[in-house]
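Q: Take a look at the following structure, please.
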There are 2 protein chains.
Amino acid sequence: MGPVIEKETGHGATGDRILDAARVVFLEKGKAGARMHGIAAQAGINKALLHYYFRSKEDLYREVLTKELTVFFRGLIESIRPSGDIEALVRDFIDNYIDRLSRNPQVVRFLTWEVGSGGPVARNVIGGIVHGGEGVPIYRAFSNTVGDAARSGRIRPVDPQHLLFSLIGMCIYVFLAAPILSGVFPGVDTSDKTFLEKRKREIFDLVWYGIRAEKGGNDG
Amino acid sequence: MGPVIEKETGHGATGDRILDAARVVFLEKGKAGARMHGIAAQAGINKALLHYYFRSKEDLYREVLTKELTVFFRGLIESIRPSGDIEALVRDFIDNYIDRLSRNPQVVRFLTWEVGSGGPVARNVIGGIVHGGEGVPIYRAFSNTVGDAARSGRIRPVDPQHLLFSLIGMCIYVFLAAPILSGVFPGVDTSDKTFLEKRKREIFDLVWYGIRAEKGGNDG
DNA sequence: GTGTAGTTAAACCATATGGTTTAACCGTAA
DNA sequence: TTACGGTTAAACCATATGGTTTAACTACAC
């Protein structure tokens, strides 16, 4: 059945080395800025072999990006599948999103490049993950938990979609803007655990105080 | 003193046409993806004249980006200079940030490209604007207003830097991720006034309920 | 040994790229 | 008239680019 094949990815060992190399180069330079020659060099092989494995730059880019985003978002979503408790959901969301971003800062960079060029690959991958899969799609579950909490009077009524955007925005912003922020505000360092823990607390407090129902009834 | 010169930008009429053209092309393709030939064509001139005005692609890119970011952020910051009232500050910030982003969506795209390549230009421009200028630098003013509000008991104590990041993140996220979000959540349209007004309300409510001091003392 | 997949070096190809140079043309100011 | 800056078309240059082809070499499977 042919030579040694790694079942994991569907590519042989060399194919994987190429994907790794391509990841590094695309990450650093983006699709337009990357050079096939550079990728081959990074993988320690020559152009001929590179094209023996991947027809074109386009192909390679799509594979790299799809793999990267799929792994990240699938993992993320699995770690925050809502249990029904809104407070735990918010806390887990913030916790997991920030932890995973800090452990995979490349993902943000890939997303940045992608969005720059219209994001066709990311749209596909993320759309599939957020709405598809087995069981209750993740967004549906999130939305239900928020709705239930509002109906039961634990939180005030909020639009779940906007709450989601707010959570994501607050978590991802510091990573996205890191190259700029770290130059403008010394002390901002997205690889510093202390900073990130503080960021988590600040986000959670803002959101939780921001949505929970007030204890003593409401006044004007 | 030479031919007709537009004093506004320091470039002649042709120079401005080139800058406009370059803006369009860099916006669409990023620095690496842009072609000098394409920029010349967009400006309706030939390559020779293009290089007669701008030595290199690098030069042109720096000028375009600096101009774009300077105009946007200077305008933004002037429109939200804090008056001392924290509630008004939060409301104005959200209002102006979202309005200006929706009127200048290119800026987000430029920032995206910039951040992708490490953001050296943006870091300079934004750093200068946020901390420099006449009078009290804007971040200082923001931070003071938040601090005063906390000391006077109007809001609970919050870290002004993190509050700022949260505000920016919530406002900018939908614009940044628009190409992806619009594919994943039909109905998300950052050029739709209704959507943006709702977004503003949701952000303001979350933040304001999230930071204001509770009326009836606190409980466990 | 023969065949086959993986691999290499190197030449090759058509086209693109950023940038320069040259010669000429045009309108206006001196 | 002359001089000059803005402008053009076109050729030119060195290098880079994505991608292909060829011939040969290696290790392992049969």
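The values are calculated or read from the model by the stated rules, or taken from the named source; none is laboratory data. Note that the coordinates shown come from a computational prediction; the quantities given were computed from them, not determined experimentally. Because the Cβ atoms are built from the backbone with ideal geometry, glycine has one as well, and the counts that use them run over all protein chains shown.
Q: Go through B:164, B:176, B:206 for me and flag whichever is closer than 29 Å to residue A:121 by Cβ and modelled with pLDDT of 95 or more.
A: On the way: B:164 fails: closer than 29 Å to residue A:121 by Cβ; B:206 fails: closer than 29 Å to residue A:121 by Cβ.
Being closer than 29 Å to residue A:121 by Cβ and modelled with pLDDT of 95 or more holds for just one of B:164, B:176, B:206, which is B:176.
Q: Could I ask something else about it? Could you list, in sequence order, all residues of segment B:134-157 that are among the aromatic types (Phe, Trp, Tyr) and either within 16 Å of residue B:91 (Cβ to Cβ) or touching a Cys at 6+ places or on another chain (Cβ under 7 Å) (or both)? It would help to see each step written out before you state the result.
A: Initial filter on segment B:134-157 (among the aromatic types (Phe, Trp, Tyr)): B:139, B:142.
Result: B:142, single match.
Q: Please go through segment A:161-220 and give me each residue that is out of contact with any Phe, Trp or Tyr (no Cβ under 8 Å at 6 or more places or on another chain) and among the charged types (D, E, K, R), ordered by number.
A: A:192, A:193, A:197, A:198, A:200, A:201, A:202, A:205, A:212, A:214, A:215, A:219
Q: How about segment B:34-63: which of its residues are touching a residue at least 40 places away in the same chain (Cβ under 8 Å) and near DNA strand D (Cβ under 9 Å from one of its atoms)?
A: Of everything in segment B:34-63, just one residue is touching a residue at least 40 places away in the same chain (Cβ under 8 Å) and near DNA strand D (Cβ under 9 Å from one of its atoms), namely B:53.
Q: Also: Let me spell it out: the conditions are (1) at the interface with another protein chain (Cβ under 8 Å from one of its Cβ atoms); (2) free of Cβ contacts under 8 Å to residues at least 12 places away in the same chain, and residue A:103 meets all of them except one. Which number is the exception?
A: That leaves (1) as the condition not met.
Q: So the check is Cβ under 8 Å with 6+ separation or different chains; which pairs have a first residue in segment A:129-145 that's in contact (Cβ under 8 Å) with a residue 12 or more places away in the chain and a second one that's charged (D, E, K, R) and surrounded by 13 or more Cβ atoms within 10 Å (Cβ to Cβ)?
A: A:129/A:74; A:138/A:81; A:141/A:81; A:145/A:85
Q: So in segment B:46-66, with the set limited to residues that are of a type in the set (A, V, I, L, M) and within 12 Å of DNA strand C (Cβ to nearest atom), which one is nearest to residue B:123 (Cα to Cα)?
A: First pass over segment B:46-66, keeping only residues of a type in the set (A, V, I, L, M): B:48-50, B:60, B:64-65.
From the residues that got through so far, the ones that are within 12 Å of DNA strand C (Cβ to nearest atom) too are B:48-50, B:60.
Working: B:48: 32, B:49: 31, B:50: 27, B:60: 18 Å.
Among residues in segment B:46-66 that are of a type in the set (A, V, I, L, M) and within 12 Å of DNA strand C (Cβ to nearest atom), the one nearest to residue B:123 (Cα to Cα) is B:60.
Q: Checking residue B:74 against (1) more than 14 Å from chain A (Cβ to nearest Cβ); (2) in contact (Cβ under 8 Å) with a residue 40 or more places away in the chain; (3) of a type outside the set (Gly, Ala, Ser); (4) within 11 Å of DNA strand C (Cβ to nearest atom): exactly one of these is not met. Which one?
A: With (1) more than 14 Å from chain A (Cβ to nearest Cβ); (2) in contact (Cβ under 8 Å) with a residue 40 or more places away in the chain; (3) of a type outside the set (Gly, Ala, Ser); (4) within 11 Å of DNA strand C (Cβ to nearest atom) applied to residue B:74, the lone miss is (4).
Conditions (1) within 15 Å of the chain's Cα centre (by Cα); (2) more than 7 Å from chain A (Cβ to nearest Cβ); (3) more than 27 Å from residue A:156 (Cβ to Cβ), marked per residue:
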residue: B:114; (1), (2), (3): yes, yes, yes
residue: B:132; (1), (2), (3): no, yes, yes
residue: B:169; (1), (2), (3): yes, no, no
residue: B:176; (1), (2), (3): yes, no, yes
residue: B:183; (1), (2), (3): no, no, yes
residue: B:208; (1), (2), (3): no, yes, no
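Q: Can you tell me how many residues within segment A:14-33 are within 13 Å of DNA strand D (Cβ to nearest atom) and among the hydrophobic types (A, V, I, L, M, F, W, C)?
A: Residues meeting the conditions: 5.
Q: Another question about this same structure. Inspect all residues belonging to segment B:138-148 and state whether any of them is touching a strand residue (DSSP E or B) at 6+ places or on another chain (Cβ under 9 Å) and among the basic types (Lys, Arg).
A: Looking only at segment B:138-148, we keep the residues that are touching a strand residue (DSSP E or B) at 6+ places or on another chain (Cβ under 9 Å), and these are B:146.
Then drop every residue that is not among the basic types (Lys, Arg), which leaves none.
The answer is no; no qualifying residue exists.
Q: Between B:146, B:188, which is in contact with a Leu (Cβ under 8 Å, 6 or more places away or on another chain) and within 11 Å of chain A (Cβ to nearest Cβ)? It would help to see each step written out before you state the result.
A: Working: B:146 fails: within 11 Å of chain A (Cβ to nearest Cβ).
Only one candidate qualifies: B:188.
Q: Hey, could you check segment A:103-120 for residues that are assigned to a helix (DSSP H, G or I) and touching a Phe, Trp or Tyr at 6+ places or on another chain (Cβ under 8 Å) and say which is farthest from residue A:81 (Cα to Cα)?
A: By that ranking, first place goes to A:116.
Q: Is there any pair with a first residue in segment B:206-220 that is surrounded by 10 or more Cβ atoms within 10 Å (Cβ to Cβ) and a second that is modelled with pLDDT under 95 and assigned to a loop (DSSP other than H, G, I, E, B) whose Cβ atoms are under 7 Å apart and which are 6 or more apart or on different chains, and what are they?
A: B:215/A:219; B:216/A:216
Q: Could you check how many residues of segment A:186-204 are loosely packed, with under 15 Cβ neighbours inside 10 Å and basic (Lys, Arg)? Write out each step before concluding.
A: The initial filter retains those residues of segment A:186-204 that are loosely packed, with under 15 Cβ neighbours inside 10 Å, namely A:186-187, A:191-194, A:197-198, A:201.
This time we only want the ones that are basic (Lys, Arg), so: A:193, A:198, A:201.
Within segment A:186-204, residues that are loosely packed, with under 15 Cβ neighbours inside 10 Å and basic (Lys, Arg) number 3.
Q: Another question, if that's okay. Kindly provide the set of residues from segment A:95-123 that are farther than 20 Å from residue A:171 by Cβ and either among the aromatic types (Phe, Trp, Tyr) or in contact with a Ser or Thr (Cβ under 8 Å, 6 or more places away or on another chain) (or both), ordered by number.
A: Residues satisfying the conditions are A:116, A:121.
Q: Can you find, within segment A:20-35, the residue that is surrounded by the most Cβ atoms within 10 Å (Cβ to Cβ) among those that are more than 13 Å from every other protein chain (Cβ to nearest Cβ) and in contact with a helix residue (DSSP H, G or I) (Cβ under 6 Å, 6 or more places away or on another chain)? Working first, answer last.
A: Applying the first criterion (more than 13 Å from every other protein chain (Cβ to nearest Cβ)) to segment A:20-35 yields A:20-24.
Subsequent filtering for residues that are in contact with a helix residue (DSSP H, G or I) (Cβ under 6 Å, 6 or more places away or on another chain) retains A:21-24.
Numbers: A:21: 21, A:22: 25, A:23: 20, A:24: 17.
It comes out as A:22.
Q: Also, quick follow-up: Of everything in segment A:76-104 that's modelled with pLDDT under 95 and either of a type in the set (A, V, I, L, M) or surrounded by fewer than 17 Cβ atoms within 10 Å (Cβ to Cβ) (or both), which residue is nearest to residue A:28 (Cα to Cα)? Let's see the steps before the verdict.
A: Let us first name the residues in segment A:76-104 that are modelled with pLDDT under 95, namely A:76-84.
This time we only want the ones that are either of a type in the set (A, V, I, L, M) or surrounded by fewer than 17 Cβ atoms within 10 Å (Cβ to Cβ) (or both), so: A:76-81, A:83-84.
Numbers: A:76: 24, A:77: 26, A:78: 29, A:79: 28, A:80: 30, A:81: 32, A:83: 38, A:84: 40 Å.
Result: A:76.
Q: Still on this model: Out of all the residues in segment A:11-29, is one or more β-branched (Val, Ile, Thr), within 15 Å of DNA strand C (Cβ to nearest atom), at pLDDT below 95 and not in a loop (DSSP other than H, G, I, E, B)? Walk me through how you get there before you give the answer.
A: Kept after step one, since they are β-branched (Val, Ile, Thr), are these residues of segment A:11-29: A:14, A:18, A:24-25.
Those still in the list that are within 15 Å of DNA strand C (Cβ to nearest atom) too: A:14, A:18.
Add one more test, that the residue is at pLDDT below 95, and what stays is A:14.
Checking the rest, the ones that are also not in a loop (DSSP other than H, G, I, E, B) come to A:14.
Yes, because at least one residue in segment A:11-29 is β-branched (Val, Ile, Thr), within 15 Å of DNA strand C (Cβ to nearest atom), at pLDDT below 95 and not in a loop (DSSP other than H, G, I, E, B).
Q: Something else now. Would you confirm whether or not segment A:64-74 contains a residue that is at pLDDT 95 or above and within 15 Å of DNA strand D (Cβ to nearest atom)?
A: yes
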